Each structure stands twice: as C-alpha cells, then as structure tokens.
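Notes follow once the structure below has been shown.
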Amino acid sequence: MDQSPQQQQSHSKSWSIHTRSEIISKYEIEERVGAGAYSDVYKARRLSDNLIVALKEIHDYQSAFREIETLQILQNCPNVVVLHEYFWREDEDAVLVLEFLRTDLAAVIKQGKKNGISVGEVKRWMVQILCGVDACHRNTIVHRDLKPSNLLISDDGRLKLADFGQARILMDPGFVATDENPQPYEHNLVNQEPLVPAAEVIPEMEKSPQEGVVRRDESFREMNEFKAPDYLEETSIRDGDTSCFATGTASDIGDDFLKSSYTYDVDEGGDDRHASLTSCVGTRWFRAPELLYGSTDYGLEVDLWSLGCIFAELLTLEPLFPGTSDIDQLNRIISVLGNLTEQVWPGCLKLPDYGIISFAKVENPIGVEACLPGRSLDEISLVKKLVCYEPASRATAMELLHDEYFSKEPLPVPVSELYVPLINSGQDEDSPGGWYDYNDRGSDSDFDEFGPMSVTTTSSGFAIQFS
C-alpha cells in the first residue's frame, strides 16, 4: 500500500527509533500517537512487564536536554509526568520513556462545552495544576509553555505537567542557594527504571542541579513556610505505573503553527544555566505581556500569567486572549487591562519593545470581570491575581493554593470523581472553529491585515502606533 507524503516524511524523520537495538530489545512499538516539528511520540509496551509507555523521540538537542534535566529534578512530584528512562547516544535523537497519559486538559475543556464542568471539578483541576507549577517553581524551573494541551491527564484523573522542552532552570551569579530555600525533590527512583549508563548520557546531564548558584525571586523564597491545606492531601499520593501518555509532542498543533508561534533563540544555545533567555517562547495565547514586549530578563512569573489564562478558560470554556498575532495578542490584553504605563507597572519603560510599539489610549478597558460572565467574585479575584501587568504582583502557586476560594463550598471533588475524556484534544484539531483554529497560519507577519498603523522615525530606530 502506498504511503501518503505525510507518512513518508514522518517515517524518514523517525526511522532510527525502529532500528535501535537498545530500544527494541526492551520495548515493542505499537503505533505513533503524536508528531510535531521537534518530536514524535509512540505508544509502546515494555516487554519485561507489559507496561504501556510513551516513547518520545526528540529531534532537537536543546529540547531533549531541557526535558530530561527538568524531569529528573521533578521525578518525585505526583503532578509532573514520570520519566522512566531515556536513551541518548552521539549522532542519535534522544528517546524518552515516559508514562502514557491518554488525554489532556484541552480535551476536558472541549468536552465541557457539551456537558459542563462543575465548580468542584474546576477547583480540583486547578489544585492539581497549582501543585505541579509549585513543584517547578520551588526548584526555580520556569516551564515557559503552560497551556491546556500540555497538562496531561491519567485515566484515573491525575493531572500532570508535561512537555518541558522549553523549560529553564533560572540561575544568577548574584545569588547563592542556602538552606533557607526550598530544595529540589529527591531523586528517588522507586517504581522507575534506572537511567541508562553514563556513557549514553551527555556529560552535562550528570551535574547536580544544585551545583553553581540559583536565582530565586524574593517572592518565591518563603513558599515552603506554608502549611499544605487539607484539600491538597489527595494530590500528595504518587501515581502508580498504570497511567497513560499520548500528547507530549513538542507541538500538538502541527509544524506550521510551531514555526509561527515560538522558536528557540540562538542566544539560548550551549549551557542553559548561563545562557541568556529569549522572549520568543511559549504559545501566543498564554504568553505574558513582558514576553510580548521582548523581555529577556523575566522569571517564574511568566508561568503565573499563563496560569491565569488557563484558569479563565476552565471557567468560561473559551480562551481568554485568542490573539491572531503578537500585536493582536497585545491589543486584546490592553483592551481588557488598559494601556501599559509606569503607573500600573513601574519599570515597564525598560522593556525592549516598549518604545517601538504603542497603542491608542484605551479610555474604558473592559476589565477581567467582563471576560468571566456569570462567574463568582472569588473566581474573578483568582484570575485577577494572575492576569496583571506587573510580574511581582502575580500570586505564586503556593499562595493561590491557600486562597480561600478552595476552602469554600463547593469543595474540590476527589480526583476519582473527575470526568476524564476518552480522547485527547489533538484528534480533530484542524476542524473549523476548533480550539487550535488560528487565523494566521499562512503568515508569520504581525502586521498583515491588522488595521491602520503609523511608523515614525526615532533617535533609536522607529516606532509603530496602532489605532
């Protein structure tokens, strides 16, 4: 039977996983379940015990390095996908053996449009997301691509953060880690396969994440002083090896979207811990304003903005800021929050692109309240604590876990009572009007068909005014 061009391209790109003896001697590859520009994901069966796993073949060195390093640090967190082992040799793509998770939060939201999502369910999903993000931030790991399709869900309702290919461990020569700071989760490999011998691991992977110095913003230093609320008790239980993974590709929307949505900056090559950051990360709808204005000096707070967008979507079942370009994304944010000024965010004038791009004055911004019709004051307050311009004003994950919203009736439902869709969100992603229906797939220009604008020359270059 003739193969389609797409099948031929995928087979050519991923041939190595089928011929690598160290992999096929331990795993039977059943089918490909996801594909993107930087990775392919296969459902497989571990021959030793018939455990179903996901084999994620990553074609980008930097993405592989980041994902392995962060998953090793977070491997005892019940709300982060489990890395069983990985294979990586010179001149070969890295192959990660991950737990197999069948569906994701995007599918929950999509199904919720038909059947609704109760407040108790929304709260439990939120609590699990916050627990996962808190684990990352306690270890100064910024995910940088939080969105519903990267929040995977096991058959029994456990939500887990995944796709750490853009994650970074924040380091700064000016601050040395001390005992007063939260320490990373211990590298306990109970119920997991041991990692491959050192000969198959790139040398940098053998370093301890605690070597060197750590950059931690002041607002995150005292998070471990909080006592965990009672409703978190359920999420502290570790999943067994029976859950499933299917949507952990580097892009679950296709190559065209990946190219226009985010790229890796050349300045981020080499040793991640000392390389500069790039603003060109994440998926547009969930990208913080400081990134849209070109900041390369940001912190964990970019994840908190993404959380606000995710929570708003859980509450309304519609994306909060579905921008069709970076400029349109900023325009939508400004229409809700008002213009970005020194009054609302002291220091915003220092953002690289602040003086280049400007918008007409918004006299009456609609406010977050208008974006959450029919929701309670507590729910609106929760989103407003995250969706705000000044990064330092955003509530941390641990602070939100102690928010009174989660201790009020109706309480978060038990994980066992959550409705879990049978399919993932990517199976019909190209259908018109779907969750991934971007209008700018054919163009990467932020200016095409945007509307009236004027360009003026300045002492440092030029400025663009959008009306």
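The values are calculated or read from the model by the stated rules, or taken from the named source; none is laboratory data. Remember, predicted model here, so these are calculated numbers, not experimental data. For neighbour counting, all protein chains shown are included, and Cβ atoms are generated from backbone atoms with ideal geometry for every residue, glycine included. Accessible surface is based on the protein model in full, side chains and every heavy atom, while ligands, DNA and RNA are left aside. Shrake-Rupley method; radii C 1.70, N 1.55, O 1.52, S 1.80 Å.
General remarks:
- Verdict on Asn76 being at pLDDT 95 or above, open to solvent by 10 Å² or more (accessible area, probe 1.4 Å) and assigned to a loop (DSSP other than H, G, I, E, B): no
- Looking across Leu304, Leu386, one residue alone is in contact with a Gly (Cβ under 6 Å, 6 or more places away or on another chain) and buried (at least 21 other Cβ atoms within 10 Å of the Cβ). It is Leu386.
- Qualifying residue in segment 40-56 (condition: modelled with pLDDT under 95 and assigned to a loop (DSSP other than H, G, I, E, B)): no
- Residue that is most open to solvent (accessible area, probe 1.4 Å) [pool: residues in segment 307-328 that are of a type in the set (Asp, Glu) and assigned to a helix (DSSP H, G or I)]: Asp326
- Val127 being under 13 Å from Pro78 (Cα atoms) and either among the β-branched types (Val, Ile, Thr) or open to solvent by 10 Å² or more (accessible area, probe 1.4 Å) (or both): yes
- The residue that is surrounded by the fewest Cβ atoms within 10 Å (Cβ to Cβ), counting only those in segment 389-429 that are in a loop (DSSP other than H, G, I, E, B) and of a type in the set (D, E, K, R), is Glu409.
- When each of Glu67, Glu92 is tested for being closer than 24 Å to Leu304 by Cβ and touching a residue at least 60 places away in the same chain (Cβ under 8 Å), the lone residue that passes is Glu67.
Matching residues to (1) more than 30 Å from Ile169 (Cβ to Cβ); (2) free of Cβ contacts under 8 Å to residues at least 24 places away in the same chain:
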| residue | (1), (2) |
| --- | --- |
| Pro319 | no, no |
| Arg332 | yes, yes |
| Lys361 | yes, yes |
| Arg375 | yes, no |
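- Applying the criterion of being open to solvent by 10 Å² or more (accessible area, probe 1.4 Å) and of a type in the set (Val, Ile, Thr) to the residues of segment 23-39, the residue that is farthest from Arg102 (Cα to Cα) is Ile24.
- Scanning segment 112-123 for residues that are open to solvent by 10 Å² or more (accessible area, probe 1.4 Å) and part of a helix (DSSP H, G or I) gives Lys113, Lys114, Asn115, Val119, Glu121.
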